[in-house]
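The values are calculated or read from the model by the stated rules, or taken from the named source; none is laboratory data. Because the structure is predicted, anything quoted here is derived from the model rather than measured. Here the Cβ positions follow ideal geometry from the backbone for every residue, glycine too, while neighbour counts run over all protein chains shown. Note: accessible area is taken over every heavy atom of the protein model, side chains too, but ligands, DNA and RNA are not part of it. Shrake-Rupley method; radii C 1.70, N 1.55, O 1.52, S 1.80 Å.
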Amino acid sequence: MNPSRQNYAKRFTMDGICIKPTEFGKVNLDEVIAMMTASLKENLAYFNQQFDGSADFIVRKFQITGTDAALLTLEGLVNKQVIVQGIMNPILHATILEQDPVKKFEYIRDNTLATVDQAEVDTYDAAIQKLMNGFALIAIDGCIRMMAFSVQGFSFRGISEPQNEMTQRGSREGFVEPFLINMSMIRRRMHTPKLKFEIFTVGKESKTNICVCYLRDTVSPKVLSRVKKRIKDLQLNTVLAAGYVSPQIVRKHSHFIFSGVGLSERPDTVCGKINEGRVAIIIDGTPNVLIVPHLFIENFQSFDDYAFRPFYATFTRWLKFFAFFLAVFLPGFYVSATTFHPELLPEELMLKIAQAEATTPFPVMLEAIVIHFLYEIMREAGLRVPQPLSNAVSIVGALVIGETAVSSGLVGAPTLMVIALTATASYVTPTLYGPVTIMRFIFIVVGGTLGFWGLALCLMVMLVNICAEMVYQIPFSAPLSPFKLHSMRDVLVRASWKILSKDIEMVQNMPGSEIKNPDQKGKQV
């Protein structure tokens, strides 16, 4: 027999579990190695070896009526006051007459510690996972199990107003980094036992907790099963942000420029989405929650649309549509018109543009690309520098660089105005800023080389790309393509609550969906 297997056999014989050498082929050795022993000394040696003298790994040894025991914690993740008052004091002052270590363990579990949430672990992996999540472990010599107590006490950022999803009439609460608090914020708004949370662990090294949230009677079973499978199949060493997970939640390999995964930092928005059959994915350590499936039309919807009166909400929604097309097409149209099709512009406007461009050394297309590139540099600088310096970056960019470039004749004023207008319009739909920026560059280059025919070709490619994509077997462009008139009440317009409250449009029942559930035609509000 292999010497290492002989050691495993010897170890399990000592623990009272005998495995014959001929049975090793039937035993999963990975599971065997992960099991704890009854020796406190061996268990502590394993933990000390794993943490290798790390300064935050704390072991406090003590005795329970003559039996050696130890308390294991990670500094900074636990509440010491709760440990002292809720765990150590009750154990040390308890009258335990039992002498057998296992019976002592059971007596403490059942009679001594009633004010602290507790669980039992019997494998090293489970114990280390509990430690990483802010639990305290108690090990007793002679027991092959440990008690884990929920005594989290780490510091975190308090609940504050969302930074990227500002509203005028909505809630001022935004998600924070600890996923347990994010779960509670959703639970506070959805007072139903049908709301379900499931926790998974991903990342070989980070062991990050990911929580899947959904309504049992609303979500599509096919969508839910696919989400769970893709989370389990994640092959990542570390997961530190939502961006690690979102590309692989929908497709691992895709040439799709838009994203089929929504992102929100507002609990009320997430609750509204899961009420329509979507699945929310909460990642520990990030204040953003992923929402799947995410459709294209949702980029033009906001929480304020449902807080204002219908006529104004409809106006703002059309404003967002116009701003999107303006941000994508205006620079390309301007470059194409001034280069190939000047007859399409009014004569007075064309003369002013010609006078401005006559003093510049570069062609219009190159000017547009350079100004757009400089704007993106200033935007990144404004995002990365400390807050007190961001105003200085804005002043330098707007006054010094912009005004000086025009007055010196390096760029034309009309080109600068077009790029500034499109940059402002792109912030009307912030969730589409990334795709819009890339498409704007493409349309500038194509418009400056192929004219309107190139713009028309790029437009067709973009529309085909949007309409051809399926997100969990649901058309990304639904309900615009395939078209459904009934759904337009919350797409092209925002109907009154008297109409919207009749039923809720389930995402799995969108036109063209391959996972329609005939039992979920609509849900009463």
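Some points to look at:
- Alpha-carbon centroids, the stretch 440-467 and the stretch 219-269: separation in whole Å: 29
- The structure-derived value of Rg/Rh (Cα atoms, Kirkwood Rh) appears in the list (i) 1.01; (ii) 0.96; (iii) 1.09 under the label (iii).
- For the chain, calculated [θ]222 nm from helices alone, where every DSSP H run of n ≥ 4 adds -39500 (n - 2.57): -13000 deg cm²/dmol
- Annotated for the stretch 151-285: lysine pairs at least 8 residues apart or interchain, Cα distance under 17 Å, count 12.
- Only aspartates and glutamates eight or more places from K502 in sequence, or on another chain, were considered; those with a Cα closer than 17 Å are E276, D490, D519.
- Of the peptides 261-269, 430-438, 331-339, 45-53, the ranking by mean beta-carbon count within 10 Å, highest at the top, reads 331-339, 261-269, 430-438, 45-53.
- Average accessible area per residue (Å²) across the chain - probe 1.4 Å, nucleic acids and ligands excluded: 52
- Aspartates and glutamates with Cα under 12 Å of K130, excluding same-chain neighbours fewer than 8 positions away: E120, D122
- In degrees, nearest ten, helix 310-339 long axis to first principal axis of the chain (Cα): 60
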